[in-house]
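*Asks:* To start, I am sharing the structure in question, which I have written as structure tokens.
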Amino acid sequence: MSADYEPRDIERKWQERWAADSLYQVTEDSSRPKWYALTMFPYTSGDLHIGHWYALAPSDAHARYMRMKGFNVLHPIGFDAFGLPAENAAISRSIHPHTWTMQNIENMRRQLKSIGAIYDWSREVITCLPEYYRWTQWLFLQFYHAGLAYRAKAAANWCPQCQTVLANEQVTADGTCERCQTPVTKKDLEQWFLRITKYADELLDHSKIDWPERIKLMQKNWIGKSTGAEISFALDVPGIEEKEIRVFTTRADTVYGVTFMVLAPEHPLVERLTTLERREEVSAYVAQSRRLSDIQRLSTEKEKTGVFIGACCINRLNGQPVPIWVADYVLMTYGTGAVMGVPAHDARDFDFAKKFGLPIPVVIAPPSWSGEELSEAYLEEGTMVNSGPFNGLPNSQGKEAIADHLEERGWGGRTITYRLRDWLISRQRYWGAPIPIVYCPKCGIVPVPEERLPVLLPSDAEFRPTGESPLKYHQGFVNTTCPNCGTPAKRETDTMDTFICSSWYFLRYTSPHYQDGPFDPDKMACWLPVDLYTGGAEHATMHLLYARFFAKALRDRGLLSFDEPFLRLYNQGIIIAQRQKMSKSRGNVVNPDAYVEEEGADAVRAYLMFVGPWDQGGDWNDRGLSGVSRWLHRVWHLVLTQPPSPSTATEEKTKELRRITHQTIKRVTHDIERFRFNTMIAALMEFTNDLSRLKEEGSVDFETWQEAIDSLLLLLAPSTPHLAEELWQRRNRPYSIHGQPWPSWDEALAAQEEFTLVIQVNGRLRDRVSAPVSITEAEAKELALGRERIKAHLDGKVVEKVIYISQRLVNVVTR
RNA sequence: GCCGAAGUGGCGGAAUGGCAGACGCGACGGUCUCAAAAACCGUUGGGGGGCGACUCCCGUGUCGGUUCGAAUCCGACCUUCGGCACCA
């Protein structure tokens, strides 16, 4: 038995022992309340960096704590294994994505095991394996049968150089192709969508979940519910079938101020309405705007552009003709793709009118307005003017009156628009779950029957440097027969967005090898919903929104019985290095392996918890780590060296030790409950400091000392599981410490007998004195006023009042 | 531009209406050593006064306010970080 703390040896020893004993294998157990503690699974990038540890170690400590509290804890881990980097590796290094991914998983699994977490490895989920993606495809079919998956033409990112479509992730921030730096344009393609917008209102409702306000707000802004009206403008152009243009507006009250109409360049009416003499200019403008990336087009810095198309529509409310323009500041994908231009009361329309010399009539008068021209758009409340029968109304009332008016006449009416779009899930990529659809010349779109799943990715795909999906050219994959009629048919060659895979992985953990469905309904009912989900805030409007959508859609399909997948969400912050975000390009990515080897996983775990409040992130610092490591060495020696001699014990010190022990149990429990790991570790450090001092004094009895040391180890168990287990064993306590109940504290034993009474004069600290906690208000005031120092400060002054805050302070107020 | 979060010693941070700086790092001094490292012990916000036990003043981004009392609550501003960004 070595005398020194050798983390490397004891960590290896216990990880092997725990694995051999299946200590963390989880089964359903109705005798204990369940606790599903989920942490966002990592992407298989190759290496776990310290940021992963920062996410995983504290959540493991909390899950271990819940386990000791008596919960049946499911705290699983897996790998988000489909995605573009694997394919890029295939192209640049001629390694198959499957090989690359599985090699990475092997390395990451080793790293994850070194954390010493309570992961039940028998529940590991890997999204790129057919066992898993079979059910991803099955779920897609459920969406399809429910009418929630549909195929539509959409403008996809197109690289003219590579001659291929790019996923959004492949377009850089400045709108160029990731591989060849060519500006990316748009190309209309048939794509698959999931109808997430159907659930927009329900997704907006966060009332059933305990999530950070910040994330709920981000989702709310992302969904962007906007209440307004649709207004029909009359079209009377010879030879044109359409008799109206509909616009969406939140400002129906300003409809008398319309001086122009703007259509998005993609609007179908642009081509039909453009007059012969304007055709050339309009076509050039439309073509140019399609060449711009969304980012360039939507930049607020960019000056307004647009072209008059030569036609007019009629504002039905006042019968005025309205010239129709095309401009790229109007988006086809929001509202109706057409906007009524009210320059006096909309900043964008104002800029547009100024640039093209269009009139800017005021229809909502500012409070002290006397007919002058506006120098900028007036967006506030006001009285309606130049608005026919609505003149004189406050605009808020006018909005309602005009909506009524529109509805009565069939010219439009109240409506709601969302910023949220349907989820485009097609990816022209190889390394994803194939969309299980066949195109038959006779039957059209035919879903692959469930019993023929999975549609397997061919392993012999050829990766071309053009970036095109190898599936497209793989004859064995593409050519099939129609499941309906047997006619030769073609397979869909697009794969699914990897966010689909991560939208349901937490369901699969309950029964990772289940053969008859994506999850065993009984196990699902036992574990779901997730009680606590931890991970980064960067997933607010992607993964976290998609997963909620999945849960609701599957609920409506009768597969799930809950509304929300994640009852509580907690976001850890970001760990930085040298005051900068870690990134490969900066070369400051911290790999934990060497630190684990040197100082031990327990020290790395404890340091990451100690570095600061978990939700605020922290700075990785080697010296900080060695401070924590030193502390663990002190703990080691404190626990293993001889206890103080009982012959020199005093009742007072024994009482003090017992009080400190119970106070520490209380503090640590409160802190870990609230994820305040930093103050939890600080409390444990203070406790060890106190124990060292008392041991030095040799002044406490044997039994109290044993209770203190056992408590210390139990409190350490979630944070430094190996060290706690080793010391527990060396004290001949029953294996395993991780099966012990969490210690409880006795309020009476934790209670102080004395406290420091702070005495202030006019709010300034002047004295302090120890006082019994039983002191009454009158006694405290008398004690305070009797102090020599206080008397000196009161000399020559009149005491106006004396404030007493129980167990804290006395404040003497003078005139 | 809009929305959100945060500003405290040399550094990470603690204290969320009541002793500012817990805990840790660093620094300085000491013990041990031939020496160094490690380990351990002590000191450590700034300034002034006293031989001294001590004592006074200033101090939580800036300026104001509320309160007996403000790092903490309110208002304005500055800075940093995050999100959204022509969404009609």
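*Asks:* All other residues with a Cβ under 14 Å from the Cβ of A:Glu213 taken together, and with Lys, Arg as +1 and Asp, Glu as -1, what is their net charge?
*Replies:* +2
*Asks:* I want to make sure I understand the PRE zone here: with the label point 7 angstrom from the Cα of A:Trp369 toward its beta carbon, which residues in the range A:244-282 have backbone N atoms less than 11 Å away?
*Replies:* Output list for this probe position: A:254, A:257.
*Asks:* Further question on the same structure: From the protein chains alone at 1.4 Å, what is the descending order of accessible area for A:Ser289, A:Ser744, A:Ser283, largest first?
*Replies:* A:Ser744, A:Ser283, A:Ser289
*Asks:* Can you tell me how chain A classifies by the Cα gyration tensor, rounded, prolate or oblate, using a/c under 1.5 as the rounded cut?
*Replies:* oblate
*Asks:* For the range A:226-417, rounded, prolate or oblate, judged on the Cα gyration tensor with a ≥ b ≥ c (square roots of eigenvalues), a/c < 1.5 rounded, else prolate if a/b > b/c?
*Replies:* Here the range A:226-417 falls in the prolate category.
*Asks:* Give the peptides A:201-214, A:690-703, A:495-508 in descending order of average Cβ contacts within 10 Å, highest first.
*Replies:* Packing proxy ranking, top to bottom: A:495-508, A:690-703, A:201-214.
*Asks:* Students sometimes get this wrong: rank A:Arg409, A:Arg555, A:Arg195 by accessible area, probe 1.4 Å, all chains present, largest first.
*Replies:* The ordering from most to least exposed comes out as A:Arg409, A:Arg195, A:Arg555.
*Asks:* For the range A:594-600, what does the Karplus curve 6.51 cos²θ - 1.76 cosθ + 1.60, with θ = phi - 60°, yield as ³J(HN,Hα) per residue in whole Hz, taken in order and with x for Gly and Pro?
*Replies:* With the stated coefficients, the range A:594-600 comes to 5, 5, 5, 5, 7, 9, x Hz.
*Asks:* Continuing with this model, one more query. If you stretched the chain out fully between A:Arg555 and A:Gln320, how much longer would it get, using 0.36 nm times the residue separation minus the C-alpha to C-alpha distance?
*Replies:* Result: 79.5 nm gained on full extension.
*Asks:* Using the Cα centre of the range A:226-417 as the reference point, and only Cβ charges (+1 on K/R, -1 on D/E), how large is the resulting charge dipole? Debye, rounded to the nearest 20.
*Replies:* 340 debye
*Asks:* Any idea of A:Trp222's accessible area? Nearest 10 Å², probe 1.4 Å.
*Replies:* Roughly 100 Å² of A:Trp222 is accessible to a 1.4 Å probe.
*Asks:* Please name which of A:Phe549, A:Thr27, A:His345 has its Cα lying farthest along the dipole of chain A towards the positive end, using unit charges on Cβ (Lys, Arg +1; Asp, Glu -1) and the Cα centre as origin.
*Replies:* A:His345
*Asks:* Mind giving me the FRET efficiency for A:Arg8 and A:Val589? R0 is 22 Å, r the Cβ-Cβ distance, nearest 0.05 is fine.
*Replies:* It comes out at approximately 0.40.
*Asks:* Evaluate the distance, in nm, between pseudo-label points positioned 7 Å from the Cα of A:Asp210 and of A:His513 along their respective Cα→Cβ axes.
*Replies:* 3.5 nm
*Asks:* For the pair A:Glu380/A:Lys791, report the inter-label distance in nm, with labels modelled 7 Å from Cα in the Cβ direction.
*Replies:* Between A:Glu380 and A:Lys791, the simple spin-label model gives 6.4 nm.
*Asks:* Using a cut-off of under 20 Å, list every residue of the range A:319-341 whose amide N is near the label point 7 Å from the Cα of A:Thr250 along the Cα-to-beta-carbon line.
*Replies:* Answer for this model: A:329-341.
*Asks:* Can you list the residues, at least 5 places off or on another chain, whose amide H is less than 5 Å from the amide H of A:Tyr43, using H built in the peptide plane?
*Replies:* Residues meeting the criterion, in which the H sits 1.01 Å from N, are A:Asp80.
*Asks:* Please work out how much accessible surface A:Thr250 shows to a 1.4 Å probe, ignoring ligands, DNA and RNA, in Å² rounded to 10.
*Replies:* 60 Å²
*Asks:* Need one number: nm distance between label points at A:Arg634 and A:Tyr150, each 7 Å from Cα along Cα→Cβ, rounded to one decimal.
*Replies:* Each label point is offset 7 Å from its Cα along the Cβ direction, giving 6.6 nm.
*Asks:* Still on this structure, I have one more. If R0 is 60 Å, what FRET efficiency do you get for A:Lys187 and A:Arg693 from their C-beta distance, rounded to 0.05?
*Replies:* 0.25
*Asks:* Another question about this same structure. Would you please state which residues of the range A:711-729 a label at A:Ala19 would reach in this model, taking the label point 7 Å out along Cα→Cβ and a backbone N cut-off of under 15 Å?
*Replies:* From the range A:711-729, the list is empty.
*Asks:* Given R₀ = 45 Å, FRET efficiency for A:Asp47-A:Ala347 by Cβ-Cβ distance, to 0.05?
*Replies:* 0.40
*Asks:* Around A:Met384, which amide H atoms from residues at least 5 apart in sequence, or from another chain, sit under 5 Å from its own amide H, with H modelled in the peptide plane?
*Replies:* A:Ala365, A:Gly392, A:Leu393, A:Asn395
*Asks:* Mind listing the phi-derived Karplus ³J(HN,Hα) values for the range A:197-208, rounded to whole Hz, using 6.51, -1.76 and 1.60 with θ = phi - 60°, and x for any glycine or proline?
*Replies:* Working through the residues one at a time gives 5, 4, 9, 3, 5, 5, 5, 6, 8, 9, 5, 9 Hz.
*Asks:* Let me ask another. Tell me, what HN-Hα J-couplings in whole Hz come from the Karplus equation 6.51 cos²θ - 1.76 cosθ + 1.60 at θ = phi - 60° for each residue of the range A:396-405, using x for Gly and Pro?
*Replies:* Ordered by residue, 3J(HN,Hα) equals 5, 6, x, 4, 5, 4, 6, 4, 4, 4 Hz.
*Asks:* Between A:Ser283 and A:Val798, what length comes free when the chain is fully extended (0.36 nm per residue of separation minus the Cα-Cα distance, one decimal in nm)?
*Replies:* Taking 0.36 nm per residue and subtracting the Cα distance, the gain is 176.6 nm.
*Asks:* Here's something else I'd like to know. Pull out the extension gain between A:Leu217 and A:Asp404, defined as 0.36 nm times the separation in residues minus the alpha carbon to alpha carbon distance; nm, one decimal.
*Replies:* So the extension gain works out to 64.1 nm.
*Asks:* So who's got an amide H within less than 5 Å of the one on A:Met582, skipping anything under 5 residues away but keeping other chains? H placed 1.01 Å off N, in plane.
*Replies:* A:Ala577
*Asks:* Taking the Cβ of A:Gln142 as the center, what net charge do the other residues with Cβ under 14 Å away carry, scoring Lys and Arg +1 and Asp and Glu -1?
*Replies:* Combined, the nearby Lys, Arg, Asp and Glu give +3.
The values are calculated or read from the model by the stated rules, or taken from the named source; none is laboratory data. All figures in this text were calculated on a predicted structure; none of them were measured in a lab. Ideal geometry is used to build each Cβ from the backbone, glycine not excepted, and the neighbour counts take in all protein chains shown. These accessible areas exclude ligands, DNA and RNA; they are computed on the full protein's heavy atoms, side chains included. Shrake-Rupley method; radii C 1.70, N 1.55, O 1.52, S 1.80 Å.
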